[in-house]
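Reviewing the structure listed below.
The values are calculated or read from the model by the stated rules, or taken from the named source; none is laboratory data. None of the values given here were measured: they were computed from a predicted structure. Heads up, the Cβs are rebuilt from the backbone with ideal geometry, glycines too, and the neighbour counts pull from every protein chain shown. Ligands, DNA and RNA are stripped out before the accessible areas are found, and what is left, the full protein with its side chains, is counted by its heavy atoms. Shrake-Rupley method; radii C 1.70, N 1.55, O 1.52, S 1.80 Å.
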Amino acid sequence: SNTVYFPNLNGVRFIAAFSVLIHHIEQVKEVFKIPHFYDNHLIKSMGKLGVDLFFVLSGFLITYLLLHEKGRYGSINTRDFYIRRILRIWPLYFLIVFLAFFIFPRIPFFVAPNNEISFMVNNFYSRLSLFLVVLPNLGFILYGSPYLAAQTWSIGVEEQFYYLWPWIIQRFTWKRLLITFTVFALGTFGVFYIYYQWVGNTFHANNVPEIIRFFFSQFRILTLMTGGACAALVYYRKEKVLNVLFRKDVQVAVYALLFLCLGTGFHVNHLNLEFYGLFFGYFILNVSSNPNTIINLEYKWISYLGKISYGLYIYQTAYIVASIHLIHWAFGHQLSILTFNLILYPLATLLTVGVSALSFHYFEKPFLKLKERFSQHSTVEHLAKKRNSKP
């Protein structure tokens, strides 16, 4: 088939986006010094785990699509792959960067009490330069990021995964894998060296080990590869493995263990997110490819919210901040904790969903339509139709 479709994956995006939303609501309340639940271990980890779920899903889908293209056409058109990724990621990414650097700090309703305006004065151009070359995770490490664009660090991680992965999937060998990662590591450390030595004034001045530790704590390549390994199981139809993983009793046992770990705050030092990434890979593998999955996320409203999840992730912090300002403006600061939360959660959710829906339909969609011109199968079909139409 020319098309690739997996059920339930918009539902997975929905879960990831709203996990991060709950985390950010409580985090922003802490910034405003409002009574919050951010110290709860589950709330505090929901953001990282939600992003991790996005990473595993991204690794799964990108790997499967690359394997599918390679299997159908014998090679991967890396140029078209990069153009498709640019059309999907960059428009909304650069919009939030523009808003966070130049617009939001000048609108009081979007300014949190962490003094965004004075923060923007220091190292402004050093920070902005890294965001403009789509290295927000490096900008975050070296200079911090505008509060309302802090979430873009994960986009930097995904983009760097996209740089590497097609070359590895194109012709996988351990030597090619080693060379690819070596070149990437040298390039990354080259950027760090330039900014550290020549630009200076970084958050971690004279602490190179801390910079390196911070970078690798964010660069979730193992999590992304977990999704890729699950995609390979499906694509190559490893029936012996899948038949075990797809059993209903195994699903019940794995999900019960996952909820037990989440509920008790179970933590694996240094590899905690990779540990939970294994559960997320199993979850994605089942809901996408197992006809006997015990979890069904194919509901219209969930699917729609999953479809606009990129916007939900990008805009949510800004509209949580705006929601708190609106509540204070309309009702003052004397609301009870319960009343405040009963207003904040629906208001922040509705504003984020509304803006994300408008963004998807009127800003993102035109770019998404262009992606069809840069898929190898559509190019092949177009050429075939052109040949067949000749007299």
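Here is a check on your reading of the model: is residue 26 touching a helix residue (DSSP H, G or I) at 6+ places or on another chain (Cβ under 7 Å), of a type in the set (Asp, Glu) and assigned to a helix (DSSP H, G or I)? So residue 26 passes the test. Restricted to helices (runs of 4 or more DSSP H) entirely inside the stretch 284-374, those with at least 2 residues that are in contact (Cβ under 8 Å) with a residue 24 or more places away in the chain and not aliphatic (A, V, I, L, M) are 300-307, 309-331, 337-359.
Considering 97, 28, the condition of being modelled with pLDDT of 95 or more, within 24 Å of residue 341 (Cβ to Cβ) and of a type in the set (A, V, I, L, M) is satisfied by 28 alone. On inspection, residue 55 passes the criterion of being in contact with a Ser or Thr (Cβ under 6 Å, 6 or more places away or on another chain) and in contact (Cβ under 8 Å) with a residue 40 or more places away in the chain.
When we screen 182, 202, 226 for residues that are at pLDDT below 85 and of a type in the set (Ser, Thr, Tyr), the only hit is 202.
Scanning the stretch 332-379 for residues that are under 20 Å from residue 21 (Cβ atoms) and of a type in the set (Asp, Glu) gives a single hit, 364. The residues in the stretch 284-299 that are crowded, with 18+ Cβ neighbours inside 10 Å and of a type in the set (A, V, I, L, M, F, W, C) can be counted, and the count is 4. Of 91, 136, all but one fail to be in contact with a Gly (Cβ under 9 Å, 6 or more places away or on another chain), at pLDDT 90 or above and open to solvent by less than 40 Å² (accessible area, probe 1.4 Å); the exception is 136.
Answer with yes or no whether residue 44 is farther than 21 Å from residue 285 by Cα, among the basic types (Lys, Arg) and open to solvent by less than 30 Å² (accessible area, probe 1.4 Å).
Numbers: farther than 21 Å from residue 285 by Cα: yes; among the basic types (Lys, Arg): yes; open to solvent by less than 30 Å² (accessible area, probe 1.4 Å): no.
Answer is no for this residue.
Residues in the stretch 313-326: is at least one open to solvent by 70 Å² or more (accessible area, probe 1.4 Å) and more than 18 Å from the chain's Cα centre (by Cα)? So far as the stretch 313-326 goes, no, none of its residues is open to solvent by 70 Å² or more (accessible area, probe 1.4 Å) and more than 18 Å from the chain's Cα centre (by Cα).
Out of all the residues in the stretch 266-281, is one or more outside any helix (DSSP H, G or I) and crowded, with 17+ Cβ neighbours inside 10 Å? Scanning the stretch 266-281, I find no residue that is outside any helix (DSSP H, G or I) and crowded, with 17+ Cβ neighbours inside 10 Å, so the answer is no.
With the requirement that a residue be aliphatic (A, V, I, L, M), open to solvent by less than 20 Å² (accessible area, probe 1.4 Å) and closer than 24 Å to residue 301 by Cα, what does the stretch 1-29 give you?
Correct list: 9, 12, 16, 17, 20, 21, 25.
Table: residues versus (1) among the basic types (Lys, Arg); (2) at pLDDT below 95; (3) within 27 Å of the chain's Cα centre (by Cα).
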{"position": "339", "(1), (2), (3)": "no, no, no"}
{"position": "345", "(1), (2), (3)": "no, no, yes"}
{"position": "350", "(1), (2), (3)": "no, no, yes"}
{"position": "357", "(1), (2), (3)": "no, no, yes"}
{"position": "369", "(1), (2), (3)": "yes, yes, yes"}
{"position": "374", "(1), (2), (3)": "no, yes, yes"}
{"position": "380", "(1), (2), (3)": "no, yes, no"}
{"position": "387", "(1), (2), (3)": "yes, yes, no"}
{"position": "390", "(1), (2), (3)": "yes, yes, no"}
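Can we say residue 67 is over 15 Å from residue 317 (Cα atoms) and either within 19 Å of the chain's Cα centre (by Cα) or open to solvent by 30 Å² or more (accessible area, probe 1.4 Å) (or both)? No: the conditions fail for residue 67.
On inspection, residue 302 does not qualify as surrounded by 20 or more Cβ atoms within 10 Å (Cβ to Cβ) and of a type in the set (Val, Ile, Thr).
Going through (1) open to solvent by 10 Å² or more (accessible area, probe 1.4 Å); (2) within 23 Å of residue 237 (Cα to Cα); (3) in contact (Cβ under 8 Å) with a residue 60 or more places away in the chain one by one, residue 32 falls short only on (2). Of all positions in the stretch 149-169, none carries a residue that is open to solvent by less than 30 Å² (accessible area, probe 1.4 Å) and modelled with pLDDT under 85.
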